[in-house]
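Participant: Before I ask anything, let me first share the structure, which is written out below as structure tokens.
The values are calculated or read from the model by the stated rules, or taken from the named source; none is laboratory data. Worth saying up front: this structure is predicted, and the values here are computed from it rather than measured. Here the Cβ positions follow ideal geometry from the backbone for every residue, glycine too, while neighbour counts run over all protein chains shown. For the accessible areas, the whole protein counts, side chains as well, though only heavy atoms, and no ligand, DNA or RNA atoms are used. Shrake-Rupley method; radii C 1.70, N 1.55, O 1.52, S 1.80 Å.
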Amino acid sequence: MAKTICYKIDGELFRDIHVRAAQKGVSTQQYMNTLIERDLFPERFPQPTKEQVVNHLNAMLGMVDQALGSVEAHAELVESLGGEPTMLQCVNQLNRMYLFPEQFPQLTEEQIRQLRDAMEAIDRTIEDVSDILWDCPEQNMGPPGMTLGG
């Protein structure tokens with residue numbers, strides 16, 4: 001039997017909850033219920049181990065290398081940066097190529113599909129890392145973020 005809980009939260013948190021629920025493609029109620037259930041019953045929501053995340057990141061980097069390795073834009077990127085790009089620069093370039101393929105006429109349909117797959121893997125990995133950081137309070141006293149040294 002469903003019960004109701006009412007409490008007040010500030011407007012910014014309210015907006016952030018709605019945005020996050022929309023990003024996950026669930027209702028606000030489903031999102032909040034899942035957060036509460038994850039906190040109360042963590043055994044129901046197995047989290048990937050750090051080793052699994054590392055393996056997933058390595059697989060994602062392999063997809064990035066594969067997608068960039070078959071595209072002439074990688075050589076142009078290396079030249080424009082004066083050396084090998086960082087992972088963030090690679091991801092930004094992949095995103096540009098995926099979002100604006102018309103600016104990269106050398107891309108084939110297969111390469112565009114590979115870019116889509118790589119971007120989806122990156123999104124999943126970032127979400128996994130964020131979930132792991134959220135579940136490690138000894139490392140992160142505030143909400144998780146994708147910043148270094150913070």
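Participant: For the residue pair Leu88 and Ala22, what label-to-label distance in nm results when each label sits 7 Å from Cα along the Cα-to-beta-carbon direction?
Facilitator: 2.6
Participant: Any idea of Ile9's accessible area? Nearest 10 Å², probe 1.4 Å.
Facilitator: About 70 Å², rounded to the nearest 10.
Participant: Can I ask one more? Could you sort Thr125, Thr86 by accessible area so the largest value comes first, with the probe set to 1.4 Å? Each step should come with its number before you reach the end.
Facilitator: Values: Thr125 5, Thr86 75 Å².
Sorted descending by solvent-accessible area, the residues read Thr86, Thr125.
Participant: Please work out how much length the chain gains when fully extended from Leu40 to Lys3, using 0.36 nm per residue of separation minus the C-alpha to C-alpha distance, in nm with one decimal.
Facilitator: Result for the pair: 11.7 nm of gain on full extension.
Participant: Check the straight Cα-Cα distances from Lys50 and name the lysines below 26 Å, setting aside those fewer than 8 residues away within the same chain.
Facilitator: Counting by Cα, and skipping residues close in sequence, Lys50 has these lysines nearby: Lys24.
Participant: Would you tell me the accessible area of Asp10, worked out with a 1.4 angstrom probe on the heavy atoms of the protein chains, in Å² to the nearest 10?
Facilitator: Taking all protein chains as shown, Asp10 has close to 90 Å².
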